[in-house]
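The values are calculated or read from the model by the stated rules, or taken from the named source; none is laboratory data. Keep in mind that what you see is a predicted model, and the values were worked out from it rather than measured. As a convention, Cβ positions derive from the backbone with ideal geometry for all residues, glycine included, and neighbour counts pool all protein chains shown. Note: accessible area is taken over every heavy atom of the protein model, side chains too, but ligands, DNA and RNA are not part of it. Shrake-Rupley method; radii C 1.70, N 1.55, O 1.52, S 1.80 Å.
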Amino acid sequence: LSLHDALPILIPKFGRMKLREIKTYHIQEFIQYLTTEKKCRNVESGGISPSTVRRYATVLRSILGLAYQLEYTDTDAGASKRIIFPKIDTCEVEVYDEEEVRQILTALDTEPINIRALVELAIFTGMRRGEIVGLKWSDIDFENQSVSVKRSIYKPKDGKALEKEPKSKSSIRTIYIPEHLIKTLLEYKLHQDRHISFMGDAWNKLDYIFTEEDGMVMNPQTPTRQFSNFLKRHNIRHLKFHGLRHTSATMLLANGCDIKTVSSRLGHADIETTGIYVHALPSSDKAAAKTFDSFISNVT
């Protein structure tokens, strides 16, 4: 959550207050306001989530902390340990199991190269949808087999797709990718180069990997639609496109990758956030059971 995004909520509550007037209880009242007030409610979810409430409060506390450092106020009200946040419920995320991932990868062999590249990037990197759409060819290091996340694409209601910085500083990252994905991207680049030659001067030279017909950046909602149609064509269980990010993380953890590395690949600011993926795939759970069988056979 950026300062720009938070200001419409912060200004009505604190815009007329002097910095030195803001106390810890004002921050607590603000948190309560976000949690309960109808004007802050989201139509789809029924209310601002605890995690979003925490993000608004974090922006406010950062402002107060900077004011204290610059001596605009003698106390840092936002640093108080007395502040109570709503509990964040950790719900289990839906993922594809290993057999379903094999089914997806097999089905991709019959798909157009742009669909293959899109879905494989999501599975093999765990990148967010907006980050994938925001990729440029200059972000791909074919020699070192890596992709750099430097921007994200979003689309306001009734507006055009726009660039923004990634979700957090930790979201700006480099992810190493498998040889298989490198080959897919090279094939896709050749395909796109042929299309560029066909378009001629009508092509917008913006270097985006995933584009509209004229080279402009792809609508960030398009991958969701393309993935949904892909699943229907191949009769594969439907999950949201974001489910591929969940699947990528879960498969890495289930196959022995340490949680710190997975957190870094996902661009999480807090390693605790990655903890939601620590629910093993059935295959790894069976392997755990076999570990005990092996142990027992060695001691009996």
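Quick notes on this structure:
- Selection from the stretch 134-170 of residues that are on the phi > 0 side of the Ramachandran plot and polar (S, T, N, Q): Q145
Residue-by-condition table, conditions (1) at pLDDT below 95; (2) over 27 Å from S264 (Cβ atoms):
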site: D139; (1), (2): no, no
site: K155; (1), (2): yes, yes
site: P166; (1), (2): yes, no
site: K169; (1), (2): yes, no
site: Y176; (1), (2): no, no
site: L185; (1), (2): no, no
site: L190; (1), (2): no, yes
site: M199; (1), (2): no, yes
site: K205; (1), (2): no, yes
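- Selected residue (criterion: most open to solvent (accessible area, probe 1.4 Å)) from residues of the stretch 47-87 that are of a type in the set (D, E) and free of Cβ contacts under 8 Å to residues at least 40 places away in the same chain: E71
- Cβ-Cβ under 6 Å pairs, at least 6 apart or on other chains, the stretch 258-286 side under 19 Å from R55 (Cα atoms) and modelled with pLDDT under 75, far side open to solvent by 70 Å² or more (accessible area, probe 1.4 Å) and assigned to a loop (DSSP other than H, G, I, E, B): I276/T90
- In the stretch 179-201, the residues that are open to solvent by 60 Å² or more (accessible area, probe 1.4 Å) and touching a residue at least 12 places away in the same chain (Cβ under 8 Å): E179, H180, L186, E187, K189, H191
- Residue match in the stretch 155-166 (condition: out of contact with any strand residue (DSSP E or B) (no Cβ under 6 Å at 6 or more places or on another chain), touching a residue at least 60 places away in the same chain (Cβ under 8 Å) and not charged (D, E, K, R)): no
- For the stretch 202-217, the candidate set comprises residues that are assigned to a loop (DSSP other than H, G, I, E, B) and more than 21 Å from F142 (Cα to Cα); within that set, the residue that is most open to solvent (accessible area, probe 1.4 Å) is E213.
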